[in-house]
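Colleague: Just dropping this structure here.
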Amino acid sequence: MSMGNGRGLPRPLKRLRVPGTTPSRFRVLASTVLLLGVGADPALALQALEARDESCGDRASLAITVRDDSGQIPIPHATVALRWTDAVRRPVREAADVGGELLLCVPPDAAGATLWAEFADASSEEQLVVLEPGMKHAVELRLLVADIRTGRLIGRILDARTGRPVAAAAVSVPYRAEVVDSNRMGRFIVSGLPVGELELSVRHLGYAPLTHAVTVRHGFTTEVEIGLSADPVEVAPLVATVERPRRLEIKGFYERKYWGELTGLGTFITADYIERWHPNSIGRLVADLVPSIRCHGGRGCILANSRMSAGFSNRPCPMSVYLDGILLRGASVDEFALPIEVAGIEVYKGPASLPAEFSGSASRCGAVVVWTK
C-alpha cells in the first residue's frame, strides 16, 4: 500500500508556527510514521527526514510520535505539550495528526525542551530533550492507561532570601532510583509517582537540605514551590503546595492562565476561589470580579461599555459563552452548571485578548469560558 507521493517520500504535514519564529524558519517536516507503518523504528523516521529536500538547516528538529502504552498503536489527534527549558517562550500545545505524529523545527535559541502527550484523561511521562543545532531527535511518547494509579509532581526551587531560581538542585523521592535536577529556571518534573504521601528530598551545595511530605493524587498534578535557605544561615525553608486538576491541564487552562495574567489579557477564576466565596451563580461571580461585564440571568453576559456596530442597531455587545469548550448559542451558562460544579473560569474582554480556540465572529465581544469538574 503506497502512502507517499510516488517517489518513496511521505506526504507533507500542515505547517506549525511557534510564537517568535517566521513560517519560513519554523516548518513542520514530512510525516514518517504513516509511511513506515505502525511500530516503526524512530531511527527509520530520522532517515526519512534526512531524505527530504526541506530541512531545519543548522537548527534542531523534533520528530514526535504519540502511541499507546504498548508502543504499537498510534493515537490520532493526541495533544503534544512542549515547554522550553531554557528559553522564555510561550509553550507549545498542538494536536498530532491522524498518525499520532508531530514533526517540527525548533527555535534557534532553544537548547532544551520538556514534552509530554495528553489524550482524554491519559497522559505520557515527561521527556527532557537536549537540543543540539543541526541534530534530528526522534521522541516517542507513550500514553499511560487511565486506570494506572500514578501521579505527577512539578515544582520550582528558589533561594528563600533572594527569590532567585536555584539551578542543579537534586530532587528525589522514595521508590525511584534516579535523581532529577532543577533547570536554570529552578523547575523540575517527576512523573509516574505512586499515589499517596511521599517524602520529597531537595539538596544543593551551599543550602540546607530539605525533606518535605507531599501528597500525590490520581488525576491531579501536585505543584510545589520550594524556598531553600542558605547554609549555615538559619532561615526556615518555605514550601507551598497546590493541586491542579489534570483535566484543566489537558485543556490548556493553566498555560492560558499563566500567559493571560502575565500580559493582563484575561481574568481567571479557580475552584478554590469559588469554594471560598460560595457565589449564588456563575454569572454573578463573573460580574463581581470583572466590573465592565453585566450578566442577566438566562440572557448571558454583555460588555457594559461596548456596542455592536450600527448594522446591529447599536445593541449592547453580547459575549460568547463556552461550557467545557462547547459554544452555548442563545443560552446562559447558569442554565447548565452550578458554581459548585465549576473547576475554572476564563474571561476575555474583546477579540484582541482571545486565544485562538475561542476566537471567531461569534466572539467579537469577548468570551466567558467555563470548565466543569
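The values are calculated or read from the model by the stated rules, or taken from the named source; none is laboratory data. All values derive from a computational prediction rather than experimental measurement. Only protein heavy atoms, including side chains, enter the accessible area calculation; ligands, DNA and RNA are left aside. Shrake-Rupley method; radii C 1.70, N 1.55, O 1.52, S 1.80 Å.
Colleague: For LEU131, enumerate residues with amide H under 5 Å from its amide H, sequence gap 5+ or separate chain, H modeled in the peptide plane.
Modeller: The answer is GLY112, ALA113.
Colleague: Moving on. Tell me, what ³J(HN,Hα) does each residue in the stretch 256-263 have, in order and in whole Hz, if you take phi through Karplus 6.51 cos²θ - 1.76 cosθ + 1.60 with θ = phi - 60° and put x for Gly and Pro?
Modeller: 5, 5, 4, 6, x, 6, 5, 9
Colleague: Let me ask you something else. With every protein chain left in place, what is the accessible area of ASP231 in Å² (1.4 Å probe, nearest 10)?
Modeller: 90
Colleague: Using amide H atoms built in the peptide plane, which far-off residues or other-chain residues are under 5 Å from CYS365 H to H?
Modeller: So CYS365 has HN proximity to SER320.
Colleague: Which residues' amide hydrogens lie under 5 Å from the amide hydrogen of ILE64, considering only partners 5 or more residues apart or on another chain, with H built in the peptide plane?
Modeller: Excluding prolines and chain starts, which carry no amide H, the hits are LEU102, LEU103, LEU104, VAL139.
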